[in-house]
Amino acid sequence: MISIDTPNEELLKKIRPGTRLNNVAYNIARIKAKSYSIGLPSPVMSANCTITAPVLKTLQELVCLVKALGIAELHLTDVTELSGLRVRYQSILHFREYSKEECSLAIAQAKAKGVELDVRVSIDKGLEESLEGTRKNWLQNGETRVCLDPWRLILVKPNGDIHTCCIDYPPIAHISDVSSIHDIFFSPANLRCKEELLSGRLHVACRKCARKAPGLPDELDFQVRSLLVQQGATTPA
Ligand code: SF4
């Protein structure tokens with residue numbers, strides 16, 4: 001998953017300082033070229049747009065950019081607001097410039113553009129709930145976060161820290177300590193993270209996480225098993 005919030009270079013610099021669209025495009029091409037050079041198909045890539053007020057009106061153009069980059073899916077998410085962290089931009093819940101109807105219309109137009117260009121535009125459950133006004137983030141007794149990231153997401157920071165969470169869970173390994181994807185997903189710290197989620201005995205980062213919906217551990221367990229079947233996993237989670 002590649003984060004691209006807007007096709008507007010100047011706006012992107014403000015939202016994600018240090019990010020350059022031409023670097024993103026070049027790196028996508030490099031990954032594809034490397035795959036072809038070793039006889040593999042291009043990996044399936046998807047793009048993620050975190051919706052903030054300034055990017056709302058650039059969504060249709062973003063779908064076009066995603067198409068031009070050869071990416072088949074654009075996922076739309078709401079801003080994750082973590083307590084104690086000063087965020088530059090706020091969730092759709094607090095937009096002053098736009099009503100929920102205007103937000104829904106911009107998203108519907110992006111989806112229509114996606115249909116026209118054969119780009120799947122999907123919406124995060126949290127974003128959908130924000131738009132519907134039904135979002136709840138607090139955990140009830142016995143609930144966990146329905147989060148599959150520790151089973152499928154790898155994020156490597158420039159300092160070599162490896163995360164299986166894009167929010168606030170601490171690193172689960174370092175690049176110098178692993179030699180395979182298996183080492184990452186089955187590192188002691190990642191196994192601990194999975195166990196916390198499956199049992200509902202959550203790390204503070206997961207308790208506060210606004211990105212993943214609350215749900216019962218059984219629901220997560222079911223989704224994990226389905227994912228493992230999809231992945232063709234032969235070893236337990
Ligand atoms: S903080 Fe926890 S619940 Fe949120 S995305 Fe990370 S691992 Fe998942």
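The values are calculated or read from the model by the stated rules, or taken from the named source; none is laboratory data. Everything numeric here is computed off the predicted structure, so don't read it as measured data. Reconstructed Cβ throughout: ideal geometry from the backbone, glycine too, with neighbour counts over all protein chains shown.
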Restricting to the stretch 216-225, and then to whatever is under 19 Å from the mean Cα position of the chain (by Cα) and away from the ligand (no atom under 11 Å from the Cβ), can you tell me which residue is nearest to Ser130 (Cα to Cα)?
Gln223
Would you tally the residues in the stretch 101-140 being surrounded by 12 or more Cβ atoms within 10 Å (Cβ to Cβ), of a type in the set (D, E, K, R), over 21 Å from Arg16 (Cα atoms) and modelled with pLDDT under 90?
4
Which of the residues spanning the stretch 100-125 are over 13 Å from Val66 (Cα atoms) and of a type in the set (Lys, Arg)?
Lys100, Lys125
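Looking at Cys209, Cys193, which is the one that is within 22 Å of Gly142 (Cα to Cα), surrounded by 13 or more Cβ atoms within 10 Å (Cβ to Cβ), modelled with pLDDT of 95 or more and within 13 Å of the ligand (Cβ to nearest atom)? Working first, answer last.
Working: Cys209 fails: modelled with pLDDT of 95 or more.
Residue meeting the stated conditions: Cys193.
Hey, among the residues in the stretch 196-206 that are near the ligand (Cβ under 10 Å from one of its atoms) and over 15 Å from Arg152 (Cα atoms), which one's surrounded by the fewest Cβ atoms within 10 Å (Cβ to Cβ)?
First, pick out the residues of the stretch 196-206 that are near the ligand (Cβ under 10 Å from one of its atoms): 196-197, 202-206.
Narrowing the set further to residues that are over 15 Å from Arg152 (Cα atoms) leaves 196, 202-206.
Details: Glu196: 19, Leu202: 19, His203: 17, Val204: 9, Ala205: 16, Cys206: 23.
This residue is Val204.
Looking at the stretch 175-190, which of the residues that are assigned to a helix (DSSP H, G or I) and polar (S, T, N, Q) is farthest from the ligand (Cβ to nearest atom)?
Of the stretch 175-190, the ones assigned to a helix (DSSP H, G or I) are 175-177, 181-185, 188-190.
Those still in the list that are polar (S, T, N, Q) too: 176, 190.
Numbers: Ser176: 23, Asn190: 10 Å.
Checked the stretch 175-190; the qualifying residue farthest from the ligand (Cβ to nearest atom) is Ser176.
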What are the residues in the stretch 124-146 that are in contact (Cβ under 8 Å) with a residue 24 or more places away in the chain, part of a loop (DSSP other than H, G, I, E, B) and out of contact with any helix residue (DSSP H, G or I) (no Cβ under 6 Å at 6 or more places or on another chain), if any?
Asp124, Gly133, Lys136, Asn137, Trp138, Leu139, Gln140, Gly142, Glu143
